[in-house]
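The values are calculated or read from the model by the stated rules, or taken from the named source; none is laboratory data. In this text, all values refer to a predicted model and were calculated from it rather than measured experimentally. Cβ: placed from backbone, ideal geometry, glycine included. Neighbour counts: every protein chain shown. Surface areas here come from the heavy atoms of the whole protein model, side chains and all, with no ligands, DNA or RNA. Shrake-Rupley method; radii C 1.70, N 1.55, O 1.52, S 1.80 Å.
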Amino acid sequence: MDTRIPSQVDVAVIGGGIIGISTALALARAGLRVAVFEKGAIAGEQSSRNWGWIRSVGRDHRELPLALRANALWRELQQQADVGYRQRGLAYLGGSPADMQGHAKWLESARPYSVPARLVDAADLPALLGAQSARNWAGALYNPEDGVAEPQLATAAIAGLARAAGCQIFEGCAVRGLDLAAGKVRGVVTERGTVGAEAAVLAGGAWSRLFCGNSGVSFPQLKVHASVLRTTPLETGMDLAINGGDFTCRKRADGGYTVSQLGASTADLTPDSIRLMRQFLPAWMAERKYLKLRVGRRFLDELRMPRRFALDAPTPFEQHRILDPQPGMAAISVALEKLKAAFPAFAPARVAAAWAGMIDVTPDALPVMSAVDAVPGFFLASGFSGHGFGIGPAAGELMSELVQGKTPTVDPAAFRLSRFA
């Protein structure tokens, strides 16, 4: 990584996860002077802790153009650096006729986007899965052009491409806040000094709400604790990624499988949960089957964390370099047992490692990718709600276009911050 911070750049990117690094790559390749500032380590938080899925199937339709563009970009990236990308296909299994009706409804409404997905009936499912199942599935919603990548490889590899394009990347260098003149961005204040910039892109993940609030910008965002495990290597015959409802799995490059479930997510009750209750209550009610609410130590931890702070002294971003929560072993252990029960080939699987991350979520589970109208020169790319890794390269491309004032490849209207006003 770079060590000597510049005095001036065209664009400062705040956050070194998949979104920030992809944005920096696109900007650098467009010929702009770009610097990325990461308070901890590149991909130190959720960008290296997710499932590794690259999917269009099952997405909110407003994200589909991004997802399809991302699929193409992942294929291009793999030709330039090893991001662990494999186009193996992805299937949402249906356990009942009602599930298949839901899949059919999604597929019909996705037709305008030319998503190459299809329904697979029960008779053809064994050949698709490549592993014998002990459950009588009704079928699946399947996209052969979806795939996976390796979160522990991808962002670092993309960072290498960005540096080769001229981008500077600084780890262990927190941005404390924006440097403003007459309400407009003129740079960023880092823990190692001020860097001039015509624009600043915040891709701070779970930290974005705190940063925005200290800059006078309201951003409704909460954090969700999500747990994952990986198994020891084993041969099962299953190469595609699957969602079985009460378990998910995808084959890893190391021969093991990444396993989790939608129910392995927990929302800690925090002061922000109370402040944002009106906006998030509909989402909590809709997702209560999968999302557990928990009251514990995190409430006090966040209560003690200042919401407003000066930029000439250490800030919370320096005091908390990397969010590294403990995994919720109960939920992911259940997911592994459900997987074994459904597919006997997984019976020998053992847990090799487990981890957790903090997902940044918005009230409508869609990201914000837009200019911040109240602060000219400030752009926000956050709130990806667990969908960010797969669409990361396309999100970076979109943010680059927005910063440069170009006509976007993908319509960004659904992702404007002003929708929460």
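Restricting the first member to the stretch 23-34 and to residues that are under 16 Å from Thr155 (Cβ atoms) and small (Gly, Ala, Ser), and the second to residues that are open to solvent by 10 Å² or more (accessible area, probe 1.4 Å) and in a loop (DSSP other than H, G, I, E, B), the beta-carbon pairs closer than 7 Å and six or more apart or on different chains are Ala28/Ala165; Ala28/Gly166. Among the criteria (1) in contact (Cβ under 8 Å) with a residue 24 or more places away in the chain; (2) under 26 Å from Val259 (Cα atoms); (3) open to solvent by 50 Å² or more (accessible area, probe 1.4 Å); (4) not small (Gly, Ala, Ser), the one Pro282 does not fulfil is (2).
Against the list (1) farther than 27 Å from Gly172 by Cα; (2) open to solvent by 40 Å² or more (accessible area, probe 1.4 Å); (3) among the hydrophobic types (A, V, I, L, M, F, W, C), the condition Ala345 fails is (2).
Looking only at residues of the stretch 203-229 that are part of a loop (DSSP other than H, G, I, E, B) and of a type in the set (Gly, Ala, Ser), we find that the one that is nearest to Asp272 (Cα to Cα) is Ser218.
Scanning the stretch 147-162 for residues that are in a loop (DSSP other than H, G, I, E, B) and crowded, with 24+ Cβ neighbours inside 10 Å yields a single hit, Ala149.
Taking the listed residues Ala335, Ala349, the one that is in contact with a strand residue (DSSP E or B) (Cβ under 7 Å, 6 or more places away or on another chain) and assigned to a loop (DSSP other than H, G, I, E, B) is Ala349, with no other qualifying. For the stretch 269-289, filtering for residues that are within 19 Å of the chain's Cα centre (by Cα) and either within 16 Å of Ala356 (Cα to Cα) or among the aliphatic types (A, V, I, L, M) (or both) leaves 1.
Cβ-Cβ distance below 6 Å, separation of 6 or more or different chains: which pairs start in the stretch 406-421 with a residue that is farther than 14 Å from Ile391 by Cα and in contact (Cβ under 8 Å) with a residue 40 or more places away in the chain and end on one that is β-branched (Val, Ile, Thr) and not in a loop (DSSP other than H, G, I, E, B)? From the stretch 406-421, the pairs are Leu417/Val368.
Taking the conditions (1) of a type in the set (A, V, I, L, M, F, W, C); (2) open to solvent by 50 Å² or more (accessible area, probe 1.4 Å); (3) outside any loop (DSSP other than H, G, I, E, B); (4) in contact (Cβ under 8 Å) with a residue 60 or more places away in the chain in turn, Ala394 satisfies each one other than (2). Out of the residues in the stretch 229-267 that are among the polar types (S, T, N, Q) and open to solvent by less than 10 Å² (accessible area, probe 1.4 Å), state the one that is nearest to Met329 (Cα to Cα). Among those residues, the one meeting the criterion is Ser260.
For the stretch 18-44, what are the residues that are surrounded by fewer than 24 Cβ atoms within 10 Å (Cβ to Cβ) and under 19 Å from Pro151 (Cβ atoms)?
Within the stretch 18-44, the first condition is being surrounded by fewer than 24 Cβ atoms within 10 Å (Cβ to Cβ), and the residues that meet it are 29-33, 40-42, 44.
Gly40, Ala41, Ile42, Gly44, listed by residue number.
Taking the conditions exactly as written (touching a Ser or Thr at 6+ places or on another chain (Cβ under 7 Å) and open to solvent by less than 50 Å² (accessible area, probe 1.4 Å)), does Ala104 satisfy them or not?
Against the criterion (touching a Ser or Thr at 6+ places or on another chain (Cβ under 7 Å) and open to solvent by less than 50 Å² (accessible area, probe 1.4 Å)), Ala104 does not qualify.
Take the conditions (1) buried (at least 18 other Cβ atoms within 10 Å of the Cβ); (2) assigned to a loop (DSSP other than H, G, I, E, B); (3) among the aliphatic types (A, V, I, L, M); Met369 misses just one of them, which is (2). Any residue at all in the stretch 268-276 that is buried (at least 20 other Cβ atoms within 10 Å of the Cβ) and in a strand (DSSP E or B)? Yes, because at least one residue in the stretch 268-276 is buried (at least 20 other Cβ atoms within 10 Å of the Cβ) and in a strand (DSSP E or B). Take the stretch 397-421 and flag every residue that is open to solvent by less than 10 Å² (accessible area, probe 1.4 Å) and hydroxyl-bearing (Ser, Thr, Tyr). Once the filter is applied, which keeps residues that are open to solvent by less than 10 Å² (accessible area, probe 1.4 Å) and hydroxyl-bearing (Ser, Thr, Tyr), the stretch 397-421 yields only Ser400. When Leu25, Leu32 are checked against the criterion of being of a type outside the set (D, E, K, R) and part of a loop (DSSP other than H, G, I, E, B), a single residue qualifies: Leu32.
Can you tell me how many residues in the stretch 66-101 are more than 29 Å from Pro393 (Cβ to Cβ) and surrounded by fewer than 21 Cβ atoms within 10 Å (Cβ to Cβ)? Count: 6.
Looking only at residues of the stretch 299-319 that are within 25 Å of the chain's Cα centre (by Cα) and open to solvent by 60 Å² or more (accessible area, probe 1.4 Å), we find that the one that is nearest to Ser215 (Cα to Cα) is Arg307. Can we say Lys289 is among the basic types (Lys, Arg) and either assigned to a helix (DSSP H, G or I) or surrounded by 15 or more Cβ atoms within 10 Å (Cβ to Cβ) (or both)? Criteria not met by Lys289. When you look at Ala330, is it open to solvent by less than 10 Å² (accessible area, probe 1.4 Å), part of a helix (DSSP H, G or I) and within 25 Å of Asp246 (Cβ to Cβ), yes or no? Criteria not met by Ala330.
The set of residues from the stretch 271-310 being of a type in the set (D, E, K, R) and more than 25 Å from Leu178 (Cβ to Cβ) comprises Arg278, Glu287, Arg288, Lys289, Lys292, Arg294, Arg297, Arg298, Asp301.
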